[in-house]
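Nothing in this text is a laboratory measurement; each read-out follows from the coordinates by a stated rule. Only a predicted model underlies this, so the values are computations on that prediction, with no experimental measurement involved. All Cβ positions, glycine included, derive from the backbone under ideal geometry; neighbour counts span all protein chains shown.
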Amino acid sequence: MSYSQKYTIVQFLEPIQPRQTFSMEEWPLHITLADVFAINLDESLIKALAAYLSSKECISTESMEEAQLGDHNNPTIVTLIKNNSKLQSLHDELINFLQAYGAVFNSPQFTHGGFLPHATRQNHAHLETGKKINISELTLVDMFVDNNWKQRKVLESFNLKS
């Protein structure tokens, strides 16, 4: 099977370290704002993304009920995140920004109108219902570290405007 370089942009819900690496089974708790995509990533794009995101306001939201997504026989357990107009707008604008730079999404059906903010239950943690969440620092994650599709690496974090 052939794999290519892929990325995602998330809001981590637990502390991470710069350049931290982890396996696909050890994801820190997070909310995905831009699902997996391919793009020609270079320093100029990272600088443009930093400038773009620094102009976006932090967003307050909260966790809601748990749900099951995916295969009925092997569902993924998630905690849904209340989607408000500001969160949807941030997602839509981020997707548009990335597409303007040539991003191709693995699952475009989960962008724009298909965006369903949630935090997937991890082996070590899950997001409780009724928690206040501040979307304030988005992180670019490499999804194919050193040609290993099972590894992840924090590349850069971008603070939103408070």
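Structure above, values below:
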item	result
Stretch gain in nm, segment Glu14-Lys132, where the contour uses 0.36 nm per residue and the Cα spacing is subtracted	41.1 nm
Region 121-161 - Rg and Dmax from Cα coordinates, angstrom	13.8, 39
Derived scalar couplings ³J(HN,Hα) [region 85-102; Karplus, 6.51 cos²θ - 1.76 cosθ + 1.60; whole Hz; x for Gly, Pro]	4, 5, 5, 4, 5, 4, 4, 4, 5, 5, 4, 4, 4, 4, 5, 5, 9, x
D_trans [Stokes-Einstein, Kirkwood Rh over alpha-carbon pairs] for the chain, 4 °C, 1.567 mPa s, µm² s⁻¹	80
Mean projected area in nm² (Cα convex hull; one quarter of hull surface) for region 55-98	4.2
Nearest-0.05 FRET efficiency for Glu57 and Met24, computed from C-beta distance (R0 22 Å)	0.10
Total lysine pairs under 19 Å (Cα atoms) in the chain, excluding pairs fewer than 8 apart on one chain	15
FRET efficiency for Ala50 and Ala125, using Cβ-Cβ distance with R0 set to 25 Å, rounded to 0.05	0.35
Residues of region 90-126 with amide N under 17 Å of a point placed 7 Å along Cα→Cβ from Lys150	123
Assigned charges on the beta-carbon of Lys, Arg, Asp, Glu; the chain dipole about Cα centre (debye)	180
Rough spin-label spacing in nm, given labels placed 7 Å along Cα→Cβ, for Ala100 and Ile77	4.1
Linear extension gain, Glu65 paired with Phe110, 0.36 nm per residue minus alpha-carbon span	14.2 nm
Sequence-separation-based contact order of region 97-162, relative, with Cα cut under 8 Å and 6+ spacing, percent	21
